[in-house]
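Let me begin by presenting the structure, written as structure tokens, before commenting on it.
The values are calculated or read from the model by the stated rules, or taken from the named source; none is laboratory data. Just so it is clear, the structure is predicted and the values come from calculations on it, not from any experiment. Every residue, glycine as well, gets a Cβ built from its backbone with ideal geometry; the counts of neighbours run over all protein chains shown. With ligands, DNA and RNA removed, areas are computed over all heavy atoms of the protein, side chains included. Shrake-Rupley method; radii C 1.70, N 1.55, O 1.52, S 1.80 Å.
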Amino acid sequence: ITIDGKPYQLGPGGYAFLPPGCRWILRNTGTAPARFHWIRKRYEAVDGIDAPAAFVANEHDLPVNWMPGTGERWGTTRFVEPTDLRHDMHVNIVTLEPGAVIPFEETHVMEHGLYVLEGKAVYRLNRDWVEVEAGDFMWLRAFCPQACYAGPGRFRYLLYKDVNRHMKLVV
């Protein structure tokens, strides 16, 4: 990817954030087809907070932030720090080691998407337990109760969610 004239190499685990107004070009220089997830949304500006700059990262260079009390069995790899209010969305990778669980039903105030990168699990969506595996996509409405039991192998998914902005109220 070239961002504002500067080239970067993206490979497996790569991530690029492109803010509004930046110029970019994406080109596959290899012989094999390139695969990627494009999460596109209109940036929600806030008076007094600058838009974030473009950046490129790779999950392999970032730590897994393990949830306390899980014995390093359930964690999140974050491309953006949660305290960075310039960002109006987060894309994270959630990892559950074999047999790990999200032991409680949780809900979020925003819609969010999950794309399964690796493994199998049983995922609670509303009142139903649904089997999911690599390649599956889930779009969860706001306040959808959810929980998870990871399968026999490592279970990982890409998580997109809106953050740091109030939901728009429409009359």
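Observations
- Among (1) open to solvent by less than 90 Å² (accessible area, probe 1.4 Å); (2) closer than 30 Å to GLU133 by Cα; (3) modelled with pLDDT under 95, the one test that ASN92 misses: (3)
- Screening PRO68 on (1) in a loop (DSSP other than H, G, I, E, B); (2) closer than 13 Å to PHE17 by Cβ shows it passes everything except condition (2).
- Residue-level analysis places TRP38 among those that are open to solvent by 100 Å² or more (accessible area, probe 1.4 Å) and among the aromatic types (Phe, Trp, Tyr).
- Filter result (part of a loop (DSSP other than H, G, I, E, B) and open to solvent by 40 Å² or more (accessible area, probe 1.4 Å)) within segment 109-118: VAL109, GLU111
- If you go through segment 44-72 and keep only what is more than 16 Å from ARG165 (Cβ to Cβ) and over 18 Å from the mean Cα position of the chain (by Cα), you end up with ALA53, PRO68, GLY69, THR70, GLY71, GLU72.
- Long-range neighbours under 7 Å by Cβ, at least six apart or interchain, first residue touching a residue at least 12 places away in the same chain (Cβ under 8 Å) and among the polar types (S, T, N, Q) within segment 139-155, second assigned to a strand (DSSP E or B) and surrounded by 15 or more Cβ atoms within 10 Å (Cβ to Cβ): GLN146/TYR123; GLN146/ARG124; GLN146/LEU125; GLN146/LEU140
- Only one of ALA100, ALA121, ALA142 that is surrounded by 15 or more Cβ atoms within 10 Å (Cβ to Cβ) and modelled with pLDDT under 95: ALA100
- Test: residue in segment 80-89 that is under 30 Å from ASN126 (Cβ atoms) and either loosely packed, with under 13 Cβ neighbours inside 10 Å or touching a Gly at 6+ places or on another chain (Cβ under 6 Å) (or both): no
- Counting only residues that are closer than 21 Å to TYR15 by Cβ and either free of Cβ contacts under 8 Å to residues at least 24 places away in the same chain or in a loop (DSSP other than H, G, I, E, B) (or both), segment 36-65 holds 19 of them.
- Members of segment 22-35 found to be in a loop (DSSP other than H, G, I, E, B), loosely packed, with under 12 Cβ neighbours inside 10 Å and touching a residue at least 24 places away in the same chain (Cβ under 8 Å), listed by number: ARG27
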